[in-house]
Amino acid sequence: MKTLLIPLILILFSCSGKQKESSSSPPDIWDSKSKDESKNSQSTKSEEIKSSKTKKDNPYSIITEKEADINQDGKPDNIIVYSTEWNKEIKPTDFKIFRVVVKLSNDKNKFTTFTNDNIIQPYYPDNVASGFSDVKIKDNYFTIEQVNAGGGIIENSYTTFKYDKIKKGIYLHKYSTLASEMSSGDEQEYKTELTTKDFGFISFENFNDRTIHSK
């Protein structure tokens, strides 16, 4: 009888052990899933924060975009003008700033990018003229046009750049202005026109509207 009881007791202990192992397995699986969901949630939040930060750090928006074959290689190039936005409450000291970006196609089916923040003058609330007005393109030339006014003077300025096939770069070709001043009811006009004979070679990236007047 004792010999029969011993194997029976061993069988009962064996079954009891398997039941304990079975009941302990599900919590491990759910803990693992919970950790994965937590990681995914943190990753999503991180991406959202990164995205919102990128938008916040980039205050520019496109106001003009034109396509033309500026470097004359048979592929389309782009000229893009960006502008910052006004604050919700505009103050007299507020102003918009502008960025001009030129993307030229290259042999690798990609773009070479040229950027300048100093071609278009900042736009203040008391400027009664339009400020930046247009980009005109002809062959490998393009002109940035703007009209600014203040103190009884209206100035139209035209900044023309040329793509140089030999140097494979963009350079200032001509800078001209037409200023009109109202004084005692009489209108006076002042014209200026500068060429490479006056300012030499100025690359697109190094042009500055504020310093060209001193040439």
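Taking residues in segment 96-112 that are on the phi > 0 side of the Ramachandran plot, and partners anywhere that are modelled with pLDDT of 95 or more, not one pair has Cβ atoms closer than 7 Å while being at least 6 places apart or on different chains. Here residue 153 fits the description: farther than 21 Å from residue 195 by Cα, without any contact (Cβ under 8 Å) to a residue 60 or more places away in the chain and more than 23 Å from the chain's Cα centre (by Cα). Screening residue 82 on (1) closer than 17 Å to residue 159 by Cβ; (2) in contact with a Leu (Cβ under 7 Å, 6 or more places away or on another chain); (3) without any contact (Cβ under 8 Å) to a residue 60 or more places away in the chain; (4) not small (Gly, Ala, Ser) shows it passes everything except condition (2).
Return the residues of segment 121-144 that are out of contact with any strand residue (DSSP E or B) (no Cβ under 7 Å at 6 or more places or on another chain) and more than 18 Å from residue 90 (Cβ to Cβ); say none if nothing qualifies. If you could, list the steps in order and put the result at the bottom.
As a first pass, look at segment 121-144 and keep what is out of contact with any strand residue (DSSP E or B) (no Cβ under 7 Å at 6 or more places or on another chain): 124-125, 138-139.
Scanning segment 121-144 gives 138, 139.
Restricting attention to segment 69-91, the residues being open to solvent by 70 Å² or more (accessible area, probe 1.4 Å) and under 20 Å from residue 120 (Cα atoms) number 3. Among the conditions (1) farther than 17 Å from residue 205 by Cα; (2) in contact (Cβ under 8 Å) with a residue 40 or more places away in the chain; (3) open to solvent by less than 20 Å² (accessible area, probe 1.4 Å), residue 139 misses just one, which is (3).
Do we find that residue 127 is open to solvent by 40 Å² or more (accessible area, probe 1.4 Å) and not in a strand (DSSP E or B) in this structure? Even if it seems obvious, please write down each step before you answer.
Numbers: open to solvent by 40 Å² or more (accessible area, probe 1.4 Å): no; not in a strand (DSSP E or B): yes.
When the stated conditions are applied, residue 127 does not pass them.
The values are calculated or read from the model by the stated rules, or taken from the named source; none is laboratory data. All values derive from a computational prediction rather than experimental measurement. Reconstructed Cβ throughout: ideal geometry from the backbone, glycine too, with neighbour counts over all protein chains shown. We work out accessible area using only protein heavy atoms, side chains counted, and drop any ligands, DNA or RNA first. Shrake-Rupley method; radii C 1.70, N 1.55, O 1.52, S 1.80 Å.
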